[in-house]
Amino acid sequence: MAAISAGKLTNLMRLADAAGRFKMLAVDLRDPLREALGKAAGRAANQVTYEEMAATKTLITKVLSPYASAILADPIFGVPRAIKVVPAGVGLLAATEAAVPDRAGPGGKERRARLVDGWSVAQIKRAGLNAAKLLIHYNPDASAETLAHQQRLARRVGEECAREDLPFLLELMTYPIAESSADTPEFARRRPEHTIASAREFSRDEYRVDILKLEFPADLKYAREYSAGAFDGRQRPAVYDRAEVGDVVRRLDEAAGRPWVILSAGVDIDEFLLTLEMAVAAGASGFLCGRAIWKNVIPRFPDRERMRDFLQQEGADNFRRANAVADRARPWFNHPWVGGWEQIHLPEGEESWFRDYGAARG
């Protein structure tokens, strides 16, 4: 029987649709979005103003949130305005990590997350939001010091979420250290084991994670069926085939000891929908996707009417297509960690529940 606290259960339900499937939109991108907007407008990134960043995020959120079960916003540009435009019945969660991780290790190739200064899980709870999200980059081949740092930070945010009785969504992304870039056959070969090992590590109870946000555990651009340039026109060597990738995704589901959703990592919509199909078939409970749905709004900046037209038409269609796939996802409460809705235990019928609940914080 799964023991999920009252606050976490209430807010997990707010993040999912009525069937328990996550159809969440990420609008928390910061520095890369500023750079892309600057490029679209023919300016340096530092010439894109705070107001332009906030207005862009607000427009994306306002137009697309009716299709979402929840919206992920950042605390700097997104949260204050998102609160005003997200419809009733759509959840809202906030990022906790700073936009750019610190560099560490030989040549500065390792990444260490840090939190947004002046922002906390307690403030997320106080603002009435439904969950806290932390992104950490995790390569199992990094130094022991870097791995310990990432683990400590995840543990810290997990403990804060437990204290505030708020769901903890942990996003895990791998990255190259020995390889020249992430878009290489060498890294494509390493990605499955990195992703699986990371999911297994952070499913341990000590991190108090409620939802894992995971990368697709392979690079389909290096799968034999798509390596001739099916997604971006660039030919690459094949390092696995689709059947092998399917096996990897099933192994990821076995390693994920918590309900999990797939992220898009900025790929185009057709590639994302294929990865979503495979993730859902393996056991994912939906998605938390950003750029695959809305990134083509960027070239239209700063023309707000053209941006709005894209979001209302192509952006909305992208979201509807993703939702149609997610309709076949496993409800989060049917994940083996939970065991089904009937297995969730809240002592609401016990006479002393309210006293025990108040005393249990922390």
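What about Ser227, is it free of Cβ contacts under 8 Å to residues at least 24 places away in the same chain and crowded, with 22+ Cβ neighbours inside 10 Å?
Working: free of Cβ contacts under 8 Å to residues at least 24 places away in the same chain: yes; crowded, with 22+ Cβ neighbours inside 10 Å: yes.
The answer is yes for Ser227.
Considering only region 64-88, how many residues are more than 20 Å from the chain's Cα centre (by Cα) and under 19 Å from Ala326 (Cβ atoms)?
The qualifying residues number 1.
Look through Asp232, Asp253, Asp210, Asp219 and report the one residue that is surrounded by fewer than 16 Cβ atoms within 10 Å (Cβ to Cβ) and either acidic (Asp, Glu) or touching a helix residue (DSSP H, G or I) at 6+ places or on another chain (Cβ under 6 Å) (or both).
Result of the check over Asp232, Asp253, Asp210, Asp219: Asp232.
This table checks each residue for (1) in contact with a strand residue (DSSP E or B) (Cβ under 9 Å, 6 or more places away or on another chain); (2) assigned to a helix (DSSP H, G or I); (3) crowded, with 17+ Cβ neighbours inside 10 Å.
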{"position": "Arg34", "(1), (2), (3)": "no, yes, yes"}
{"position": "Leu37", "(1), (2), (3)": "no, yes, yes"}
{"position": "Arg43", "(1), (2), (3)": "no, no, no"}
{"position": "Glu51", "(1), (2), (3)": "no, yes, no"}
{"position": "Ile71", "(1), (2), (3)": "yes, no, yes"}
{"position": "Arg81", "(1), (2), (3)": "yes, yes, yes"}
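With the condition kept exactly as written, say whether any residue in region 203-217 is under 19 Å from the mean Cα position of the chain (by Cα) and over 23 Å from Cys161 (Cβ atoms).
The initial filter retains those residues of region 203-217 that are under 19 Å from the mean Cα position of the chain (by Cα), namely 203-204, 207-217.
Those left that are additionally over 23 Å from Cys161 (Cβ atoms): 216-217.
Yes, region 203-217 has at least one match.
Can you tell me which residue among Lys62, Lys57 is free of Cβ contacts under 8 Å to residues at least 40 places away in the same chain, touching a strand residue (DSSP E or B) at 6+ places or on another chain (Cβ under 8 Å) and closer than 23 Å to Pro299 by Cα? Let's see the steps before the verdict.
Values: Lys62 fails: touching a strand residue (DSSP E or B) at 6+ places or on another chain (Cβ under 8 Å).
On inspection, the qualifying residue turns out to be Lys57.
On the given criteria, is Val297 in a helix (DSSP H, G or I), aliphatic (A, V, I, L, M) and more than 19 Å from the chain's Cα centre (by Cα)?
Details: in a helix (DSSP H, G or I): yes; aliphatic (A, V, I, L, M): yes; more than 19 Å from the chain's Cα centre (by Cα): yes.
Judged against the criteria, Val297 is a match.
Report, by residue number, each residue of region 240-267 that is over 21 Å from Asn334 (Cα atoms) and outside any helix (DSSP H, G or I).
Once the filter is applied, which keeps residues that are over 21 Å from Asn334 (Cα atoms) and outside any helix (DSSP H, G or I), region 240-267 yields Tyr240, Asp241, Ser264, Ala265, Gly266, Val267.
At least 3 residues that are modelled with pLDDT of 95 or more and surrounded by 15 or more Cβ atoms within 10 Å (Cβ to Cβ) in each: list the strands (runs of 3 or more DSSP E) lying fully within region 84-163 that qualify.
On the way: elements: 91-95, 102-104, 110-112, 131-137.
Passing ranges, in order: 91-95, 110-112, 131-137.
Where the second residue is acidic (Asp, Glu) and surrounded by fewer than 17 Cβ atoms within 10 Å (Cβ to Cβ) and the first is within 15 Å of Thr174 (Cα to Cα) and lies in region 90-115, which pairs have Cβ atoms under 6 Å and are six or more apart or on separate chains?
Val100/Asp31; Arg112/Asp102
Can Arg163 be described as touching a helix residue (DSSP H, G or I) at 6+ places or on another chain (Cβ under 7 Å) and in contact (Cβ under 8 Å) with a residue 24 or more places away in the chain? Steps first, please.
Numbers: touching a helix residue (DSSP H, G or I) at 6+ places or on another chain (Cβ under 7 Å): no; in contact (Cβ under 8 Å) with a residue 24 or more places away in the chain: yes.
So Arg163 does not fit the description; no.
With the requirement that a residue be outside any helix (DSSP H, G or I), surrounded by 22 or more Cβ atoms within 10 Å (Cβ to Cβ) and in contact with a helix residue (DSSP H, G or I) (Cβ under 6 Å, 6 or more places away or on another chain), what does region 268-288 give you?
Narrowing region 268-288 to residues outside any helix (DSSP H, G or I): 268, 283-288.
Pick out the ones that are also surrounded by 22 or more Cβ atoms within 10 Å (Cβ to Cβ) and you get 284-288.
Scanning region 268-288 gives Ser285, Gly286, Phe287.
Conditions first: (1) at positive phi; (2) in contact with a Leu (Cβ under 9 Å, 6 or more places away or on another chain). Gly118 passes all but one, so which condition is the exception?
Evaluating Gly118 over (1) at positive phi; (2) in contact with a Leu (Cβ under 9 Å, 6 or more places away or on another chain) leaves (2) as the failure.
The values are calculated or read from the model by the stated rules, or taken from the named source; none is laboratory data. Since the structure is predicted, the reported quantities are computational estimates derived from the model, not experimental observations. Don't worry about glycine lacking a Cβ; one is built from the backbone with ideal geometry, like all the others, and counts go over all protein chains shown.
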